[in-house]
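Just passing along the structure, written as structure tokens.
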């Protein structure tokens with residue numbers, strides 16, 4: 001696996017695209033991003049002191065309808081890393097990792113499909129370590145709030161965890177909100193529901209107005225992640 005460390009880049013997700021077309025797994029890390037991206041085109045604050053990396057992975061024989069396992073694997077790697085530095089992480093569907101109810105990490109994935117399989121996956125991860133989060137108004141957490149750690153230590157641990165195997169059952173072990181009431185936002189519509197379970201394809205099964213539905217794209221929130 002090729003590992004590249006950059007001082008500054010617009011976006012590690014964009015930078016790594018130059019390696020598409022090859023077969024080697026690659027990880028690109030940057031100390032700072034000037035145009036980091038989150039989901040739905042949002043910006044991702046990427047000041048020095050956090051871990052910002054993108055992995056280009058080539059899973060073997062992973063069917064397209066199981067592509068969510070790439071997201072699950074990345075989330076487990078982040079959770080294992082957070083635990084190693086004293087945090088008690090949990091997964092907020094679909095792509096955020098929380099600690100103490102605050103956002104610790106975000107994941108952005110693009111899967112490249114070919115002939116019904118996942119040919120390659122671009123896995124972008126931003127993980128707060130010691131970066132200044134004052135501009136976010138208290139909604140985010142940092143690993144340095146849980147233990148004395150450096151960005152280099154956390155980055156090395158995250159890369160090591162990404163290189164290990166994981167399974168869907170381990171992903172589910174970090175999901176704590178199922179069975180609880182949540183607020184669902186789909187476009188301009190927002191409504192209460194009860195989270196039931198996350199399906200193997202990554203959809204969130206909910207119950208709303210007496211009806212069971214499965215969501216593939218929506219935002220959820222909950223007033224208190226720990227009660």
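Rundown of residues vs (1) in contact with a helix residue (DSSP H, G or I) (Cβ under 8 Å, 6 or more places away or on another chain); (2) at pLDDT below 95, yes/no style:
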site: 134; (1), (2): no, yes
site: 138; (1), (2): no, yes
site: 143; (1), (2): yes, no
site: 150; (1), (2): no, no
site: 160; (1), (2): no, no
site: 169; (1), (2): no, no
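Taking strands (runs of 3 or more DSSP E) that do not extend beyond the stretch 1-95, which have at least 1 residues that are under 23 Å from residue 157 (Cα atoms), over 17 Å from the mean Cα position of the chain (by Cα) and modelled with pLDDT under 95?
Answer list for the stretch 1-95: 2-9, 26-33.
Confirm whether residue 118 is within 17 Å of the chain's Cα centre (by Cα), surrounded by 14 or more Cβ atoms within 10 Å (Cβ to Cβ) and outside any helix (DSSP H, G or I).
no
Would you confirm whether any residue within the stretch 32-41 is buried (at least 21 other Cβ atoms within 10 Å of the Cβ), within 28 Å of residue 144 (Cα to Cα) and in contact with a strand residue (DSSP E or B) (Cβ under 7 Å, 6 or more places away or on another chain)?
yes
Table: residues versus (1) under 19 Å from residue 89 (Cα atoms); (2) modelled with pLDDT of 90 or more.
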| position | (1), (2) |
| --- | --- |
| 176 | yes, yes |
| 183 | no, yes |
| 189 | no, yes |
| 194 | no, yes |
| 216 | no, yes |
| 227 | yes, no |
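Yes or no: the stretch 210-224 includes at least one residue that is free of Cβ contacts under 8 Å to residues at least 12 places away in the same chain, at positive phi and either in contact with a strand residue (DSSP E or B) (Cβ under 8 Å, 6 or more places away or on another chain) or not assigned by TED's automatic domain parsing to the domain that holds residue 72 (or both).
yes
The values are calculated or read from the model by the stated rules, or taken from the named source; none is laboratory data. Note that the structure is a prediction, hence the values are computed from the model and not measured. Using ideal geometry, Cβ is built from the backbone for each residue, glycine included, and neighbour counts are taken over all protein chains shown.
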